[in-house]
Amino acid sequence: MLKVRLPLGACARSWKSVRMASCGMARRNPLENKVALVTASTDGIGFAIARRLAQDGAHVVVSSRKQQNVDRAVAALQGEGLSVSGTVCHVGKAEDRERLVATLWEDQARQESIKAAMQIKRIGKPEDCAGIVSFLCSEDASYITGETVVVAGGTLSHL
């Protein structure tokens, strides 16, 4: 039987790396020296993703169909000390997005019914998507290809 012995120092360093990564202390600015262009990023999920990417060190370019939205988002993120610029960009049909937004979780009774049916304690927030997007943009995810990551609070997904 072949026994493989690792030096104690190597094991300790490996464990420390795993422990640090699992508690979010692995690296500061994992997206340093990267530029992220985030479309539809002046509100909701897009804004949360833009904020997280900038917090993780990327220079972020936010975009929206309206200059006033771009200006507001840029001012808010720069006010947090983040590296952000913005541009006006129409990336789809406004009526399609409006129809989608009109269905999100505005009715409180409907929200409670959905939470009960899905057996969850809360409805997801835009920030719930931001962390995984930042991770997938980082070098930490450089060997991940062709995966589907479901951010759904444990509910089943039918992709």
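The values are calculated or read from the model by the stated rules, or taken from the named source; none is laboratory data. Predicted, not measured: the structure shown is a model, and the values here were computed from it. We place every Cβ from the backbone using ideal geometry, glycine too, and count neighbours over all the protein chains shown. Surface accessibility is based on the protein's heavy atoms, side chains included, excluding ligands, DNA and RNA. Shrake-Rupley method; radii C 1.70, N 1.55, O 1.52, S 1.80 Å.
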Multiply the residue gap between residue 151 and residue 67 by 0.36 nm, knock off their C-alpha separation, and tell me the result in nm, one decimal place. 27.2 nm
Counting only protein heavy atoms and leaving out ligands, DNA and RNA, the solvent-accessible surface of residue 66 at a 1.4 Å probe, in Å² to the nearest 10, equals 100 Å²
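Give me the net charge of residue 130's neighbourhood, meaning all other residues with Cβ under 12 Å from the Cβ of residue 130; Lys, Arg count +1, Asp, Glu -1. Display every interim value, and only then the final one.
On the way: positive: 51, 52, 125; negative: 56, 127, 128.
Neighbour charge sum, excluding residue 130 itself: 0.
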Expected output is a single nm value to one decimal: the length gained when fully extending between residue 125 and residue 43, i.e. 0.36 nm times separation in residues minus the C-alpha distance. What is it? 28.3 nm
So if each residue of separation counts as 0.36 nm, and I subtract the Cα-Cα distance between residue 135 and residue 110, what length gain in nm does that give? 5.8 nm
